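The values are calculated or read from the model by the stated rules, or taken from the named source; none is laboratory data. Keep in mind that what you see is a predicted model, and the values were worked out from it rather than measured. Because the Cβ atoms are built from the backbone with ideal geometry, glycine has one as well, and the counts that use them run over all protein chains shown.
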Amino acid sequence: MRREPLEGLAEVSPKDEAIDLKRRGDASQLLSPGGERRQSLRGFEDTYTDIVDFIVRITHRIWEQADMGYIYDTYQHNCVVHTGYGTSYGVEEVVGGSIALLAGFPDRRLYAEDVIWSGDDEAGFHSSHLIVNTATNLGYSPWGPPTGRPVRYLAIAHCFVKENRVVEEWLVRDTAAMVRQLGFDIWEVARRAAVEHPPLPDGETDRLRGQLPPAPYESRHDGDHVEDLVGRVLHEVFNGRHFNLIAETHAADVSMWVPNHVQLTGPNHARTYLLGLIAMFPDAHLNIEHVSSIGDEKHGYRVAARWRLSGTHRAFGWYGRPTHKRVNVLGISQLHVKGGKITKHYLVFDELALLTQLAAGTSAESERGVG
């Protein structure tokens, strides 16, 4: 049964205000080595003060300082990495893929927009790192020869970290924005990639139980909790098709970022986008895999939700004529909540990976008319 929007929220378990990226200074402070430990980090290098410091500074060192060898010190030898294209295993895959991307964009800058975290040094930490990326295509990239063009795109890396090592990572980049800004034909790029990624089998998604309606959202906490608010909204909009909840649970001036580096403003634009997405995949089912949050009533809450969307491309839309292909989309959302309303939503998934699943076995003629 659908509940009404929450008027107030229970306090999230308190976390030290110092372990919050939003309450720190500029890059000169974020990237300063050392300092006094703000939380217990058993097994971590002494230079790191807390989990946010660890995530921000290893990202800077690996990518902006090009210390690719540091991956061996900060990723487990048998680490697991999930992307929109599937799952890879082992640190060598991480090193090789990172070098290939940096070779194409050697001046890449990664601006830490937020790190939402949970856990401790006993059970391990989960971190959701929202990054604004800028770069210039000065070398060969996975998508083609150098174009000399600049790109700007969002990415979110969700890492499970223990004792100075990334054990598992879920990585989503807005690569569709990159490819389009580079001037490449995105469907041609998708068709080339599809050769290496066979299509998924058909079959029903998990949204319905036989002929019964979608199951209600199951709360993960006692009382009204911000993580349940976000989980319920995602579940009931995507799975329950209660698109009216967008207006009820989003602020009038809500900002929503979607693939292709597009910013939408207001509940109506958010609803229009989600209606268009679900319309193309009428059996779409969203499975929420992980939710974490930081914040308080005074400053507002920030929530990270990792999810997978599965569905069958059965209707015309901005992805062209229906291909009847099954897709499985890894996505991560970061949402800001204040006063029981969602005020920001960064909805990030690899749209190029989705198009790759649709493009398998197709021709240029089949995509004619696609925007």
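Of all residues in region 72-84, those that are over 22 Å from Ala353 (Cβ atoms) have Cβ atoms under 8 Å from Cβ atoms of residues that are buried (at least 21 other Cβ atoms within 10 Å of the Cβ), 6 or more apart or on another chain, in Thr74/Ile58; Thr74/Ile62; Thr74/Val166; Gln76/Val166.
Among residues of region 339-357 that are at positive phi and assigned by TED's automatic domain parsing to the domain that holds Val303, those with a beta-carbon under 9 Å from a residue that is polar (S, T, N, Q) and buried (at least 19 other Cβ atoms within 10 Å of the Cβ) at least six positions away or on a different chain give the pairs Gly340/Thr249.
May I ask you to verify whether Ile55 is in contact with a strand residue (DSSP E or B) (Cβ under 9 Å, 6 or more places away or on another chain), at pLDDT below 95 and either surrounded by 14 or more Cβ atoms within 10 Å (Cβ to Cβ) or among the β-branched types (Val, Ile, Thr) (or both)? Give the derivation first.
On the way: in contact with a strand residue (DSSP E or B) (Cβ under 9 Å, 6 or more places away or on another chain): yes; at pLDDT below 95: no; either surrounded by 14 or more Cβ atoms within 10 Å (Cβ to Cβ) or among the β-branched types (Val, Ile, Thr) (or both): yes.
No; evaluated as a whole, the condition is false for this residue.
For region 77-90, taking the residues that are under 19 Å from Gly124 (Cα atoms) and surrounded by 19 or more Cβ atoms within 10 Å (Cβ to Cβ), the one that is nearest to the chain's Cα centre (by Cα) is identified as Val81.
Okay, residues lined up against (1) more than 21 Å from the chain's Cα centre (by Cα); (2) of a type in the set (S, T, N, Q); (3) part of a helix (DSSP H, G or I):
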| position | (1), (2), (3) |
| --- | --- |
| Asp228 | no, no, yes |
| Gly231 | no, no, yes |
| His242 | yes, no, no |
| Ile246 | no, no, yes |
| Ala252 | yes, no, no |
| Trp257 | no, no, no |
| Asn260 | no, yes, no |
| Thr272 | no, yes, yes |
| Ile278 | no, no, yes |
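Residues being assigned to a strand (DSSP E or B) and surrounded by fewer than 17 Cβ atoms within 10 Å (Cβ to Cβ): count how many of those fall in region 137-173. Number of matching residues: 3. Annotation note: Cβ proximity below 8 Å between a residue of region 293-308 that is closer than 13 Å to Ile342 by Cα and surrounded by fewer than 24 Cβ atoms within 10 Å (Cβ to Cβ) and a residue that is of a type in the set (Ser, Thr, Tyr) and at pLDDT 95 or above (sequence gap 6+ or interchain) occurs for Gly300/Thr343. Select from region 232-254 the residues that are under 15 Å from Ile342 (Cα atoms), surrounded by fewer than 18 Cβ atoms within 10 Å (Cβ to Cβ) and out of contact with any Pro (no Cβ under 9 Å at 6 or more places or on another chain) and list them in ascending order. Correct list: Phe243, Asn244, Asp253.
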